[in-house]
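A.B. asks: First the structure, which I've put down as structure tokens, then a few questions once you've had a look.
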Amino acid sequence: TPDSAATPASAPGSDAAAGAAAPLIELEGVHKAFGDLHVLKDCDLSVAAGEVTVLIGPSGSGKSTLLRCINQLEEPTAGRVRIAGVTQGYAEKPLADGRWQKLPSAQIAHQRSRIGMVFQRFHLFPHMTALQNIMEAPIQVLGRSAAEAEKSALSLLERVGLADRADHYPSELSGGQQQRVAIARALAMDPELMLFDEPTSALDPELVAEVLAVLKELAEGGMTMIVVTHEMGFAREVADQVVFMDDGMILEQGTPDQLIEQPRSERLKGFLASVL
Ligand code: ADP
Ligand code: MG
């Protein structure tokens, strides 16, 4: 069997029946194991275009791994992830013998470039200014001209409230400002959706609000987002759905009101008591 072909748990490929109402992000029976450690267990999730999902759960419950499976930093052990109806990591049609062909890495990189991700730590290039950080990928990956990339980077800096910091290096910016640059940098790739992994948890408390304000504005602009955060005020105000993970499983999901005000499981009640 060639390495490049494999059979996922269920048939992948683009869904011919996917209509306008099809979810933008769809996880079906996603499992992930690292050796003997079963980190994700049969996760199903559906996110409509333009919707904001807040993902909560105790440390080690699998939240980061779930995000990493969505943008192919990790490959699910079983199950599938579909974005706009297209199974990630696989060719859209099966081989003649019915097996599904894994995509070559260049095409996986292309799928990944459609998804913006922002981490707890900002990972800015320290030797580049805010402006240069934002211009880098559009030039290197999308082949934009420097002039075009600069114009777009300046407007993104404006959008995150940092027009006056374009020529500052990361070391000259506060944590909140660095995180806003990191968000602008992700947006510079014109992503179809954005994943945020605890974007404010490394920040001093007084810097959290400015980053959440940028996320809220993005959400209001119609961006599809999954946000791992324990900022329950943000979840209440901005989320369309809240998803609670525990021990690799999605235990509850629903509207903020259902999850936060009327938790069903003891585990969610206990978790909320620890963060509220
Ligand atoms: P969370 O983001 O909810 O804190 P993670 O997804 O980071 O949880 O981790 C879930 C579990 O998977 C943890 O037990 C973690 O140690 C383990 N894990 C995550 N990544 C790896 C890896 N690359 N190799 C081995 N174990 C991992
Ligand atoms: Mg995590």
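The values are calculated or read from the model by the stated rules, or taken from the named source; none is laboratory data. Just so we're clear, the structure is a prediction, and the values are computed from it rather than from any experiment. Note: ideal-geometry Cβ built from the backbone for every residue, glycine included; neighbour counts use all protein chains shown. Protein only, heavy atoms only, side chains kept; ligands, DNA and RNA dropped before computing areas. Shrake-Rupley method; radii C 1.70, N 1.55, O 1.52, S 1.80 Å.
A.B. asks: Send over a whole-number figure in Å² for the accessible area per residue of the stretch 162-276, probe 1.4 Å.
C.D. replies: Value for the stretch 162-276: 42 Å² per residue.
A.B. asks: Per-residue ellipticity at 222 nm for the chain, helices alone: DSSP H runs ≥ 4 residues times -39500 (n - 2.57), over residue total, nearest 500 deg cm²/dmol? List each step's numbers first, then the result.
C.D. replies: Details: 8 runs with 88 residues, N = 276.
One gets -9500 deg cm²/dmol as the mean residue ellipticity at 222 nm.
A.B. asks: Carbon and sulfur: what percent of the chain's accessible surface (1.4 Å probe)?
C.D. replies: Heavy-atom surface of the chain belonging to carbon and sulfur, 1.4 Å probe: 50 percent.
A.B. asks: Any lysines with Cα under 22 Å of the LYS269 Cα? List them, leaving off those in the same chain fewer than 8 positions away.
C.D. replies: LYS41, LYS63
A.B. asks: Determine how large the accessible area of SER201 is when every protein chain is in place; take a 1.4 Å probe and give Å² rounded to the nearest 10.
C.D. replies: In the full protein context, SER201 sits at about 60 Å².
A.B. asks: Hey, another quick one. Looking at the square roots a ≥ b ≥ c of the eigenvalues of the Cα gyration tensor of the chain, which shape do they give, rounded for a/c under 1.5, prolate if a/b is larger than b/c, or oblate?
C.D. replies: oblate
A.B. asks: Give me the accessible area of LYS63, 1.4 Å probe, in Å² rounded to the nearest 10.
C.D. replies: LYS63 exposes around 10 Å² with every protein chain in place.
A.B. asks: A further question on this structure: Evaluate the distance, in nm, between pseudo-label points positioned 7 Å from the Cα of HIS123 and of SER274 along their respective Cα→Cβ axes.
C.D. replies: Computed distance between label sites HIS123 and SER274 equals 2.6 nm.
A.B. asks: While we're here: If I model a spin label as a point 7 Å beyond the Cα along the Cα-Cβ vector, how far apart are those points for GLU158 and ASP257 in nm?
C.D. replies: Distance between label points: 3.9 nm.
A.B. asks: Using heavy-atom solvent-accessible surface (probe 1.4 Å) with all chains present, what is the largest-first order of MET117, MET245? Could you put the intermediate results ahead of the total?
C.D. replies: Values: MET117 30, MET245 0 Å².
Listed by decreasing accessible area, they come as MET117, MET245.
A.B. asks: Per residue, how many Å² of accessible area does the stretch 14-137 show with a 1.4 Å probe?
C.D. replies: Numbers: 5760 Å² over 124 residues.
On a per-residue basis, the stretch 14-137 sits at 46 Å².
A.B. asks: Once you put a point 7 Å from the Cα of ASP36 and another 7 Å from the Cα of LYS151, both along the Cβ direction, what distance in nm separates them?
C.D. replies: About 5.9 nm, to one decimal.
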